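Derivation of every value follows stated rules applied to the coordinates shown; laboratory data play no part. Values in this document were obtained by computation on a predicted structure and should not be read as measured data. All Cβ positions, even for glycine, are placed from backbone atoms using ideal geometry, and neighbour counts span all protein chains on display.
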Amino acid sequence: MVSLEVPASYGWVVLVLVAKVVLNIWMGIQVGAARRKYKVPYPTMYANESDNKDAKLFNCVQRGHQNCLEFIPVFFVLLLLGGLQHPKIASGLGVLYLVGRYYYFIGYSTGDPQNRFAWGKYYFGGLLGLLLCTISFGVHLLYNSKT
């Protein structure tokens, strides 16, 4: 059995997680505003280009948010687990991920999907770093167990 003591600096991990929730809410609000602006009613997920001249603009906003939603479980798990072993590093990597995701969304929302990678590509570095922190945590648990 391994006992777990959460360091006080794990509070930074928790705050990064909360910041991701706030960022996600903000992105959702942007999608709602785009629905009104481009006249895409609920429950339509994506606008049809044959019916709406602004479909691509709306779809880029929607897709930017949807992609971020798809990665939330991965980000949360890696942040929370990797942060147990490396709370300050994981928090810094989490901030890099959030800043990258913000710019990914902003770039995508321009209507040109390629713009999502101008600064948005840096979220990959944050995610990779969190993966390494989590691997380190797993290895640490295995090598420090007595069974």
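Table for the structure above
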{"quantity": "At 1.002 mPa s and 20 °C, Stokes D of the chain from Kirkwood alpha-carbon radius, µm² per second", "calculated": "129 µm²/s"}
{"quantity": "Inter-site label distance for Val21 and Lys53 at 7 Å from Cα along Cβ, in nm", "calculated": "4.3 nm"}
{"quantity": "Anchor Lys121: lysines whose Cα lies under 21 Å away (excluding residues fewer than 8 positions away in-chain)", "calculated": "Lys20"}
{"quantity": "Residues of type lysines that Lys39 reaches as a straight line, Cα spacing below 24 Å, ignoring anything fewer than 8 places off in the same chain", "calculated": "Lys53, Lys56"}
{"quantity": "Mean projected area in nm² (Cα convex hull; one quarter of hull surface) for region 1-82", "calculated": "7.0 nm²"}
{"quantity": "Helix axis angle, 55-85 relative to the chain longest principal axis, alpha carbon, degrees", "calculated": "10 degrees"}
{"quantity": "Relative contact order (%) - region 15-143, alpha-carbon pairs under 8 angstrom, separation at least six", "calculated": "25 percent"}
{"quantity": "Loop chymotrypsin sites (Phe, Trp or Tyr not before Pro), region 55-147, which have at most 15 other Cβ atoms in a 10 Å radius of their Cβ (DSSP)", "calculated": "Trp119"}
{"quantity": "Folded to 0 to 90 degrees: helix 10-38 orientation relative to the chain principal axis, Cα", "calculated": "10 degrees"}
{"quantity": "Between region 74-147 and region 1-40, the Cα center-to-center distance that results, in Å", "calculated": "13 Å"}
